[in-house]
Amino acid sequence: MARYVPIFAAALAVISPLSGAHAQSETRPAPAEPGLLSPDRETLTGDWGGARSDLREAGISVRADYVSEAFAAVDGGLRRGTGYTQQLRAGVDVDLDRTIGWSGALFHLTLNDRRGIGVSSDIVGNRLPIQEAAGGNFTKLTEFSVEQNLDGGRLNLRAGYFAMGNDLGGMAIGCNLVNAAFCAHPLAFSGDTGWYNYPNARWGAAVRYRLRPDLTLRAGAFQVNPRLNDEHNAFRPFAGGSTGVLVPIEVEYDPGMGKDSRVLPGHYKLGFYYDSSTAARQGRPGSVTGRYGAYILADQMVVRGSGGRGLSVFGQFAANPRASAPITRWIAAGLIKTGTFASRDADTIALGVIQARVNPRLRELHEAPSAMPDGFVSLPGGETAIELSYGLQLRRWLSIRPDVQYILDPGAFAFRRTRNALAFGSQVKVQF
């Protein structure tokens, strides 16, 4: 946190003059802000003496949030140890209608900074990241885009530099768990093709059209450029290295979204994507041009109580071809209970299970040299993560999530046998 002291100090230096200017311009005292511990306070830093509301009225919304994840691997894996990761994100959303008269248009700018040690990468040695905010430990530009709403909001167009996962293939309910395999996209997408999720941005364009209140179609075209993940390109969005174009298409059905609907809400997504890049053929000599995959994502509330309480279930399935994909099958399932104990309507209990299957061709390739003189050695066919999490919503701007994860066959994607791993930890989220 020491590295962020200058950032917070700079933020306060900006906020203080804004607050003072606001106070001088008013002839009447501004209404008192909710106190820091008030349940009505939406963010840690509040309304900045009214300056934040003034900016919002002018069409400028400032946002920032912080995530920290501390975990201890207490058994199995490569070794025992602890790891801490953190992410600081800040950005601005500008209503271009209010600022320059561009009707229905929005501008988005986001910066992201990550730091720390990944428990999966540095200690356990597994593929499914135990910490959602692990990886890419540097400051980078993560969005610079323009969004246009047409036809009364039914049609949405977005173009610029952003993560394609902001619009496609997402499952928000999965972020009630900490493992990055659940929050918020199946890793088979990015592991098998040029699909990139937050905070990794690419140049692209996306379209979303709401055919009816409960049916939405999404599509897009995005640059594939692995070099933009490198630290030295963190603020060089025009860096060379493009290998192709990725084209996704997705249809989403949302029961319970119609006006006056009495149906329990849910989300069902069916998608397909194609990457025109040429890549190494998996487990065989040569290369393959064109990588692709298909997926089904679903979550459904099955019990609805009062005060926002309820029970929801979710599932994921993704398939990719053996010729081009390290992960050929992806299967996940879980349940989320919102509302736990008396007066804890916003708390959650989440349980999830996920398995990523290793491409059999790769496993066979590595099994051959591992064979013992007196017999055949079989390597794990995939990695499985089981997670149990409790989300404690202390304030609207503060949540703490104690968490436990058990990883079966953590060495599957390193083509080695590694003891099953057990990790305990917690996640903290703060909205500034």
**Q.** Near pairs, Cβ below 6 angstrom, 6+ apart or cross-chain, from segment 243-258 (farther than 19 Å from Phe162 by Cβ and without any contact (Cβ under 8 Å) to a residue 24 or more places away in the chain) to any residue that is assigned to a loop (DSSP other than H, G, I, E, B) and among the small types (Gly, Ala, Ser)
**A.** none
(Q) Out of the residues in segment 16-65 meeting the condition of being more than 29 Å from the chain's Cα centre (by Cα), of a type in the set (A, V, I, L, M, F, W, C) and at pLDDT below 65, tell me which one is surrounded by the most Cβ atoms within 10 Å (Cβ to Cβ). (A) Leu18
Q. Which members of segment 88-102 meet the condition of being of a type in the set (Val, Ile, Thr) and buried (at least 17 other Cβ atoms within 10 Å of the Cβ)?
A. Val94
Q) Does Pro255 fit the bill of being in a loop (DSSP other than H, G, I, E, B), out of contact with any helix residue (DSSP H, G or I) (no Cβ under 6 Å at 6 or more places or on another chain) and either surrounded by fewer than 18 Cβ atoms within 10 Å (Cβ to Cβ) or not hydrophobic (A, V, I, L, M, F, W, C) (or both)? A) yes
Q | Residues within segment 191-217 that are more than 20 Å from Asp113 (Cα to Cα) and either out of contact with any Pro (no Cβ under 8 Å at 6 or more places or on another chain) or surrounded by 21 or more Cβ atoms within 10 Å (Cβ to Cβ) (or both), tallied | A | 17
Q. If you scan segment 397-431, which residues turn out to be touching a residue at least 60 places away in the same chain (Cβ under 8 Å), more than 20 Å from the chain's Cα centre (by Cα) and either under 21 Å from Ser68 (Cα atoms) or part of a strand (DSSP E or B) (or both)?
A. Ile407, Ala421, Leu422, Ala423, Phe424
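The values are calculated or read from the model by the stated rules, or taken from the named source; none is laboratory data. In this text, all values refer to a predicted model and were calculated from it rather than measured experimentally. When we count neighbours, we look across all protein chains shown, and the Cβ atoms used for this are built from the backbone with ideal geometry, even at glycine.
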